[in-house]
Amino acid sequence: MTLQQLFQRIGDNPGFLLFYFLIIPVAAIVAGFLGKGEGHLPPWKYLYATLIYLVSVPGIFAVALNIYFFLFQKGDIMQTDVYMQILPIVVMLITIFLIRRNVDLALIPGFDKISGLWFMLFATMFLMWLLEKIHIVIFSYLPFQYLLGIFMILFALIYIGWRRFVAK
C-alpha cells in the first residue's frame, strides 16, 4: 500500500479521522474547565502532554507533507486534501491554543522536545528545498525511498548539530 492509496482510503472513509481530530480539542476544553488553574499539576500536565503529542505528530506530518507537495512537486493548491493536509494542522493549532489558555506550555512535560522536533523538521525541509533550488541535487527525479533516506540523514545531522549547540 502506498501513501497515496492510504490517503485515498482515509478520504473515502473520513469518520474515524474526524472523530480523532474532534475528540482531542474537546478533551482539551473539558480539561480546561475541570482543571482550571491546576494545569501545571499532575495529572493535568500529563493529560495536556498527551493531547499535544496526539495532535502534533499528525500536524507535523501534515506540514511536512504540504511543504513537500507544494515546494518539491509543485502541487496545485486546488488539489489539497482537506482531511489529510489541512485538518491536522488546524486541530493542532486549536488544541495548543486551548491548552495554552490554562497552563504555560513550558510546564508541560516534553513540550520542549516537540518544539525541537518542529525546528529540526523545518530546518531539514528548508535545507532540502535550498539544495533543490540551487540544483546540486535534483530531488524531483529521485525515487521516494532515496528522498526519504536523504531526508533522514539530513534530519540526523541537524539533530546532532542541534544537540551539540544547546548542550549545557
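Values as computed for the structure displayed
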item: Student exercise, the range 11-168 dipole from Lys, Arg, Asp, Glu Cβ charges, in Debye to nearest 20; result: 540
item: The chain - percent relative contact order, Cα under 8 Å, separation 6 or more; result: 27
item: Accessible area (Å², per residue) of the range 47-163, counting only protein heavy atoms and a probe of 1.4 Å; result: 57
item: Computed FRET value (nearest 0.05) for PHE19 with TRP118, which takes r as the C-beta separation and R₀ as 22 Å; result: 0.30
item: Estimated distance in nm for a label pair at ALA64 and LEU130, the labels positioned 7 Å out from Cα along Cα-to-Cβ; result: 1.9
item: Net +/- balance of residues flanking ASP104 in space, Cβ distance below 13 Å, scoring K and R +1, D and E -1; result: +1
item: Neighbourhood net charge (15 Å Cβ-Cβ; Lys/Arg +1, Asp/Glu -1) for LEU93; result: +2
item: Distance (nanometres) between label positions extended 7 Å along Cα→Cβ at ARG164 and TYR141; result: 3.3
item: Helical segments meeting 15 Å axial Cα length and Kyte-Doolittle 0.0 threshold in the chain (DSSP H); result: 15-34, 44-67, 87-100, 111-133, 144-166
item: Stretchable slack from LEU34 to ILE10, in nm (0.36 nm times residue separation minus alpha-carbon distance); result: 5.3 nm
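The values are calculated or read from the model by the stated rules, or taken from the named source; none is laboratory data. None of the values given here were measured: they were computed from a predicted structure. FYI the Cβ positions are ideal-geometry reconstructions off the backbone, even for glycines, and counts take in every protein chain you see. Just the protein is used for accessible areas: all its heavy atoms, side chains included, with ligands, DNA and RNA removed. Shrake-Rupley method; radii C 1.70, N 1.55, O 1.52, S 1.80 Å.
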